[in-house]
Amino acid sequence: MKLTRRDILKAAGALGVAAAIPGCGDDDAPANPDGGTPDAGPPDAGPPDGGPPPPSGPFRHGVASGDPLADAVILWTRVTPEDPATAGDVVVQWELASDTAFATIVTSGMFTTNAARDFTVKVEATGLSAASTYYYRFTALSETSVIGRTKTAPTGSVAHLRFAVAACASYAHGYYLGYRGIGARLDLDAVLFLGDYIYEYGNGEYGSTRAADPTTECLTLSDYRRRYACHRLDADLREAHRQHPWITTWDDHEVADNSWSGGAENHQPEEGSYADRKAAGQQAYSEWLPLRDQTDRAKIWRSFGYGNLADIIVLDSRHWARDEQATGVDDPTLASPTRQLLGADQEAWLTERLTTSTAQWKLVAQQVVMSPFALFFNTDAWDGYPAARTRLFDVLETNALDDVVVLTGDIHMSIAGDLARNPTVPAEYDPLTGAGSLAVELVAPGISSPGLTRGIAMAQESLIRANAPQAKGWNLWQRGYFVLDLTPARAQGDWFLVPDVIRPTGAEAFGFGVSTATGANHLVAEDTPVPSGAGAPAAP
Ligand SMILES: [Fe+2]
């Protein structure tokens, strides 16, 4: 979703936007405070103010890895031929080593790419050891890529895991300082990304700090491919991919705002077939993100095991089978018991994953807010699909499942809370003890997409205190990400936030923390973050 038009206009006003707007690849070019005409320019345009040149060469879009298993990981890059129209097939060599100097090559191979897949490269390195850091690189067109660093999942008894959790990275709204913070951390097992990796809007429609390519709204396969390419020229995003494996899911903006399985609020009939647009967005996603493709590239719900400490269950509550959003809180269709958010097949699979998991922590990585918030009733979130939410809560309760942690994106606000069926009914939920809470929910802020303005956020905070007793930590206006730190004894979320994203520099700071003890299903506030560890050496 994006916030209401009124909220956005207020947020945009607070940004004081002015522009000779830097475009794709101008990562370190400051926004020009003297104003000017927004101009995206071509994606490889040089920075307007003498900053470093944008990346060039065949591997300008960097390297990435993802979907780690105990013995395998997906490796990704993209080659940019001098003349894509005449390039034909490009053969790319890949190598994976156990050391940064590539003295010990563990596995290697060749991959042929071409225009049919936008010159993207995706291979699976197999036969790897569990819980191990590896380094990888690609060679093609007489050049070698930067070196990437990745890590396989552990097996057996696991004492500690650490993930960064992020969502919602509107390029147009500003700089990716959150990605910069993630890329600088070396002690993460993986990055969990909960959707809105891109936004489909044309320039000026949603944010005007940076100009994306293409300048117009993404509708076609070519449009979506160019939008991903634009994002991957950002140095901070490239570095966050280069240093960590990512486990990703999509939200609405990978196709169009407030999408459901058969349409989207931001799709009009004159824009063509929604089915074609959705297929185009999903194809570009598959090409540009380092996820393991399934037979049907539209099916991205899948799960990952991290030994006995965590199972990660990744959902698609957006495009797979969601029924159309209700028109409002009074819409009679809201009460329908057959209303679907996940679809019967995905819902049955989720139940099976939850009830058969033998891991301590069951992480449910998904898109939209699950907790009932009367204050922010949202037809686009689980609020709008109450029967589906009740069925999931029934699964948690009837199976006496403990230690389920729901990870959420979508709303560009940081909120941590208990998950109770009726959090404002004292007989059903006690905010002091957590009695009545079935699980906990941790909501990631936008990397760059706006929440509320600071002033509105401050006013809302007093309303949260009064009306949302399940919330144990929040920040409704800053951008960033959180670190999820797991041990057999507790799960802790630590939010790292930046004051704004309209300048290309700015330090992150600890915002707030929460934790839940094993078996508690209830959050308490934490004053200090879990200390960072050393981690394996950075990719050089
Ligand atoms: Fe978003």
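When each of Ser336, Ser145 is scored by the number of other beta-carbon atoms lying within 10 Å, the sequence from fewest to most is Ser336, Ser145. Fewest neighbouring Cβ atoms within 10 Å first, the residues Phe510, Phe376 line up as Phe510, Phe376.
Ellipticity at 222 nm from helices only: DSSP H runs of n ≥ 4 in the chain, each -39500 (n - 2.57), divided by the residue count, give -5500 deg cm²/dmol. All Cα-Cα distances of the chain, cut into 20 Å bins from zero to the largest, leave 23, 59, 18, 0 percent in each bin in turn. Using the Cβ-Cβ distance between Asn378 and Thr155 with R0 set to 60 Å, the FRET efficiency works out to roughly 0.95. Normalised by the number of residues in the chain, the average gap of Cα pairs under 8 Å and 6 or more apart makes the relative contact order 15 percent. Between the C-alpha center of the stretch 52-119 and that of the stretch 224-280 there is a gap of 21 Å.
Dipole size of the stretch 63-151 about its Cα centre, with +1 on Lys/Arg Cβ and -1 on Asp/Glu Cβ: approximately 220 debye, rounded to the nearest 20. Phi-derived couplings, Karplus 6.51 cos²θ - 1.76 cosθ + 1.60 at θ = phi - 60°, listed residue by residue for the stretch 414-421: 8, 9, 10, x, 6, 9, 10, 5 Hz, with x used for Gly and Pro. Label separation (Asp345 vs Thr390): 2.7 nm, computed from points 7 Å beyond Cα along the C-beta direction.
Label positions at Ser222 and Asp527, each projected 7 Å from the Cα along the C-beta direction, are separated by 6.0 nm.
Place +1 on the Cβ of every Lys and Arg and -1 on the Cβ of every Asp and Glu in the stretch 161-526, take the dipole about the Cα centre, and give the residue among Ala457, Ser371, Ala166 whose Cα lies farthest towards its positive end. Selected residue: Ala166.
When Lys362, Lys2, Lys299 are sorted by how many other C-beta atoms sit within 10 angstrom of their C-beta, beginning with the fewest, the order is Lys299, Lys362, Lys2.
Here the Kirkwood formula puts the hydrodynamic radius of the stretch 63-151 at 13.3 Å, using every distinct Cα pair. Can you give the FRET efficiency for Ala279 and Leu432, using 1/(1 + (r/R0)^6), R0 = 45 Å, r = Cβ-Cβ distance, to the nearest 0.05? Working from the Cβ atoms, E equals 0.35. Treating r as the C-beta distance of Thr86 and Arg465 and R0 as 45 Å, the FRET efficiency rounds to 0.10. Charges were assigned to the Cβ only: +1 to each Lys and Arg, -1 to each Asp and Glu. The resulting dipole of the chain about its Cα centre is roughly 620 debye.
For the stretch 378-443, what class follows from the C-alpha gyration tensor (a ≥ b ≥ c being the square roots of its eigenvalues): rounded when a/c is under 1.5, otherwise prolate if a/b is larger than b/c, else oblate? Rounded, because the longest to shortest axis ratio a/c is under 1.5. The simple spin-label model puts a point 7 Å past each Cα toward its Cβ; for Arg454 and Ala115 those points are separated by 5.0 nm.
Most simply put, the chain has about 75% antiparallel DSSP beta bridges, counting only bridges with both residues inside it. Positive end of the dipole of the stretch 63-151 (Cβ unit charges, origin at the Cα centre): among Phe119, Thr139, Val73, the Cα lying farthest that way belongs to Val73.
Bear in mind that the values in this text are calculations on the coordinates, not laboratory data. Just so we're clear, the structure is a prediction, and the values are computed from it rather than from any experiment. Every residue, glycine as well, gets a Cβ built from its backbone with ideal geometry; the counts of neighbours run over all protein chains shown.
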